[in-house]
Amino acid sequence: MGQNLTFPRKHPVAVTLLLLTLSGIGLGGTLWACADSSCSPGWQLASPDYDCGGRAAISPGNDTRINILLLMRSLKPVNSDRAGADGDVNNPQFGRTFMTWPGLRAAFWPQAGEKDQESSAMGNGDAAGCAVSPDGVAAFNAALAVETDLPAAERAELARLRARTGCDAAHWDDAPISTRLGREYLSYLKAADAFHKGDWQSARQGFASLTRSRSKWVAETAQYMPIRIGLRAAVAKAVDEYGDFAGPEKVDAAAVKQAGDAIGAYLKAYPKGRYATSARGLTRRVAWLNEDMAALVQSYEKLVATVPGDDEAAADLAEEIDIKLLERPDAGRIIGSQNGVPLLLAVADLKQMRGQNTDPAPLSASELTAQKRQFAAHPDLYGLLQASRAYYGGDDPKAILALLPDAARSSGFTPLAFSRQVLRGMALGRTRDPNEAGFWRDLLKGASPLYERPLVEMGLAIRWQRDGRVEQVFAPGSPITDSMTRTILLQTLAPPAILRMTARDGTRPGRERDVARFTLLYKDLTRGAFGDFGNDLTLVPANAGSEGGLWDFSQQDRIPTGLFRTGQWSDGFPCPSITQTAATLAKSPGDAKARLCLGDFYRLNGFDGFGLFNASEDRSMLGSGPDGFSGRSLSRSDIYAAIIADRRAAPDDRAYALYRAVMCYSPSGYNGCAGPYRTSEEMDAAQAPQADRKAWFTELKQRYPQSRWARSLRYYW
């Protein structure tokens, strides 16, 4: 892929930085309020806009690379049984339902190592400067090994020099190489050294003199290297200070032509040579540098149709197409102007369907109808495009059902066939079809264990939550087997009985049981179920840990349930254990001292700004809806406000409440005691005006001047 940052992928950097800045005061992502991550997948079937968590269903919101790869894996049968594959290890909150591009590659090709996607005979592609590649050294040494006429001493000296080629000032003329064959290898290294140091003329001359070498390896490599020289020279002045491609206008067109001519010369001399595949592939680089997008599109279309989808080369190709073509703002126009490129056109169409894509305008029904002839050989793909446009355009879902016949009972699916059925299920959900749950259960049987089945399980779980039957997710023998799906429902909709049942169920994964315990105890305290807290605490093992904190709750392996047993209770204001505090509040919910101690438990153990999974109000999202706990969540701000308003509160209690209410705004000036916030609007609504904070400060100083809290407070924020 060479200089592969021509059209940088757009990320919501400004939004991410804002969220990271505000996360310390309780404003996290919409879904994972405490995740130390800039990306949270939307736990819903629909994917109307670019979503960092890709789905196994080809859809508008998928990373275009994912859509390309899924399409390639649909064209020829592939082994999709990846039951033992892991989810994305770098994004545990994705479970096995969502995928990042790196996570998808690692799941499909777990043993594949990092490699140079355009490795050359030199073993270091187009990299400049000292670039000692193990593969390049191995190839050179393998060539030396078959040269039986080469003395062992010369072979050793040449191997030593190869390891330093391009790295420092070599004294080639002083090398103890005297045989003709040895001198040819030495000349090869000298030309290679010039190549790595950007001396194009010397490199060209050096390799040109070796095309008739006695060594077949040297002769063929010398014929191939002018391709690399031309490409390196072409972009030498087209790279900015950050190493990014600065634009085609800075490319050396003469050097590009030299590279193109060199490709033709090499393939004529070695049509089946060791570098023939690389040379043919580099014709795409030449086309890209020449801005010959028509040739590039045609080449990519042919490769998408022919490269096997279970070969990692398919993933490499998807990367290249995305960077070199699809990230261009005019990619849709370029592809749409070509004939006979239905596969690329489908990917471009899906991207244009994205809900927030305003340039160009979302794909219209008439535009898609005009493309019908292009998809004559791919009617199922065209049907998916029609149905996707209709679904995300808000059309009548019954029309979508007509486009996508029911095939849920199939024993297996290509990614394209699976995508069609998932979209059908989504349309059934939109019509409130009574058989939607049955459809998802049928679809489970043929779905692949990795990515596909968990997505279907999510569809079934969302239908059950909409019907108020979330208990079926946790019933014995339930088809919902994905732990992350259950974990989300434990944090959101599960009533106390299900949380207790899961905490006791030894067949569940340990983390899932810990999430149930933690959620139960957290909601006991925040929802005022103080009478249940003591009994529910017995569900926590005596040796439960509290390490890890709560900042990365969604991703950390160990859930700190031990906080409720061994957490900190006091750092100045006298408080008993949280168990005793809860027992006091169970008997006397208005006890001011106990309420202040509850607030200190939140503060001292990292609960400020903490939130469990928090779905949006969209009922099509997993975890959306009322849970089984009564009342609203009680924050520290609520505690302090109630005690400040209670003129009958004991002086020391009221002074402490005033002190803590002011300190909620230290040092950011934002309320850090009322989160988590789902939106900046929620955060703004939770702020007390500065005049109120000043009034608290003044009252503390004037009414309780002798309290330790008045003496220690110097500012209000």
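Derivation of every value follows stated rules applied to the coordinates shown; laboratory data play no part. All of these numbers come straight from a predicted model, not from anything done at the bench. Because the Cβ atoms are built from the backbone with ideal geometry, glycine has one as well, and the counts that use them run over all protein chains shown.
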Which entries of Lys197/Lys237; Lys445/Lys523; Lys257/Lys302; Lys76/Lys372; Lys76/Lys398; Lys523/Lys593 show an alpha-carbon separation above 26 angstrom in the structure shown? Lys445/Lys523; Lys76/Lys398
How far, in degrees from 0 to 90, does helix 651-663 lean away from the longest principal axis of the Cα atoms of the chain, to the nearest 10? 20
On each of the three principal axes of the Cα atoms of the chain, give max minus min coordinate, whole Å, ordered largest first. 102, 66, 48
When the Cα atoms of region 635-717 are enclosed in a convex hull and the volume is divided per residue, what value in Å³ results? 80
So what are region 418-574's ellipsoid semi-axes, whole angstrom, largest first, if each one is the square root of 5 times an eigenvalue of the alpha-carbon gyration tensor? 35, 16, 13
Return the calculated 222 nm mean residue ellipticity for the chain, to the nearest 500 deg cm²/dmol, obtained by summing -39500 (n - 2.57) across DSSP H runs with n ≥ 4 and dividing by the residue count. -15500 deg cm²/dmol
Go through Phe530, Leu317, Ala254 and say which Cα lies farthest out towards the positive end of the charge dipole of the chain; charges sit on Cβ, +1 for Lys and Arg, -1 for Asp and Glu. Phe530
Project the alpha carbons of region 563-710 onto their principal axes and report the range along each, largest first, in whole Å. 55, 36, 25
Between the helical axis of 64-75 and the dominant principal axis of the chain, each derived from Cα atoms, what acute angle in degrees is found, rounded to the nearest 10? 70
Positive end of the charge dipole of the chain (Lys, Arg +1 and Asp, Glu -1 on Cβ, about the Cα centre): tell me which of Ile227, Thr481, Ser388 has its Cα farthest that way. Thr481
For Trp217, what charge total do you get from the other residues with a beta carbon under 11 Å from its beta carbon, if Lys and Arg give +1 and Asp and Glu give -1? 0
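Using a simple charge model, +1 on the beta-carbon of Lys and Arg, -1 on the beta-carbon of Asp and Glu, nothing else, what dipole does the chain show about its Cα centre, in debye to the nearest 20?
On the way: 84 positive and 81 negative charges, 160 e Å.
Taking the Cα centre of the chain as origin, the dipole is about 780 debye.
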List the lysines whose alpha-carbon lies under 19 Å from that of Lys272, not counting same-chain residues fewer than 8 positions away? Lys216
Report the charge-dipole magnitude of region 635-717 in Debye, nearest 20, computed about the Cα centre from +1 at each Lys and Arg Cβ and -1 at each Asp and Glu Cβ. 480
Using a 10 Å cut-off on Cβ atoms, rank the peptides 701-710, 328-337 from the highest mean neighbour count down. 328-337, 701-710
Along the charge dipole of the chain, which of Leu443, Pro676, Pro397 sits closest to the positive end, that is, farthest toward it, with unit charges on the beta carbon of Lys, Arg, Asp and Glu (+1, +1, -1, -1)? Pro676
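Which order do the peptides 42-53, 178-189, 140-151 take when ranked by the mean count of other beta-carbon atoms within 10 Å per residue, highest first? Don't skip to the answer; put the middle values down first.
Working: 42-53: 21.8, 178-189: 18.8, 140-151: 15.0.
The peptides rank, most packed first, as 42-53, 178-189, 140-151.
Considering all alpha-carbon pairs of region 456-537, what whole percent are spaced by more than 16 angstrom?
Details: 1570 of 3321 pairs.
Here the tail beyond 16 Å accounts for 47 percent of pairs.
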